[in-house]
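Scroll down for the structure; my scribbles are underneath it.
The values are calculated or read from the model by the stated rules, or taken from the named source; none is laboratory data. Everything numeric in this text was worked out from a predicted model, so none of it was measured. So basically every Cβ, Gly included, is an ideal-geometry build from the backbone, and we count neighbours across all protein chains shown.
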Amino acid sequence: MAQAKSNYARNLAQDATSPEVKLRRSIEDGKMSGLKDAGQAAFTRQLAADNAKRGASPDCGLADEGGLGWLLGQVETSDEAMTTLDLSLNAEGPHQQFGWLSLPKRVAAVEQIAAGSNLVHLLLDSLSLSIAVAAPLATAVRHHARLERLSLERNRRVIVTR
């Protein structure tokens, strides 16, 4: 019985103390740190490229010449050279960024288009535009007096009234 009591007391004492924790070897400790840095750099580059493509961040090249922000700025200022704006989802390059914008950013972009007055062709195909862009889009149609072609093909949810 004495042995049972001593074992119980010893086990109780062990339970009361915190166990010794052995740290696992991390990637930073070994040879793989270079691989981690290279992978992190590749991830960062890919993330930046993806954000630039989608137009998800203001610091991702939207304002660069030829980017979506630059194009919208050209339309907004009624640049004489900017008579056609194709933001269709199947368009190549920065035009494709419009399709990835959130709804508030899309509305703001269409409002920028409405602020201009020089477009002859406005192509907004395959963008699944919502009713939220209807009012700014109608304003754009009214402001661009030279507008000959407005294309909204494959947009199931757009209602535009003149």
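Some notes on this structure:
- Subset of region 127-139 (residues that are over 17 Å from E153 (Cβ atoms) and in contact with a helix residue (DSSP H, G or I) (Cβ under 6 Å, 6 or more places away or on another chain)): A132, P136, T139
- Within region 127-138, tally of residues that are more than 17 Å from the chain's Cα centre (by Cα) and of a type outside the set (A, V, I, L, M, F, W, C): 2
- Region 79-91 residues that are assigned to a strand (DSSP E or B), paired with ones that are modelled with pLDDT under 90 (beta carbon under 6 Å, 6 or more apart): D86/H95
- Hits in region 110-121 - residues which are surrounded by fewer than 17 Cβ atoms within 10 Å (Cβ to Cβ) and either of a type in the set (V, I, T) or over 13 Å from R142 (Cβ atoms) (or both): V120, H121
- Among (1) buried (at least 21 other Cβ atoms within 10 Å of the Cβ); (2) hydrophobic (A, V, I, L, M, F, W, C); (3) touching a helix residue (DSSP H, G or I) at 6+ places or on another chain (Cβ under 6 Å), the one test that L124 misses: (3)
- Just so you know, in region 93-126 the residues that are among the small types (G, A, S) and over 18 Å from R154 (Cα atoms) include one that is nearest to the chain's Cα centre (by Cα), and it is S102.
- Residue in region 83-95 that is modelled with pLDDT under 80, farther than 18 Å from R149 by Cα and surrounded by 13 or more Cβ atoms within 10 Å (Cβ to Cβ) present: yes
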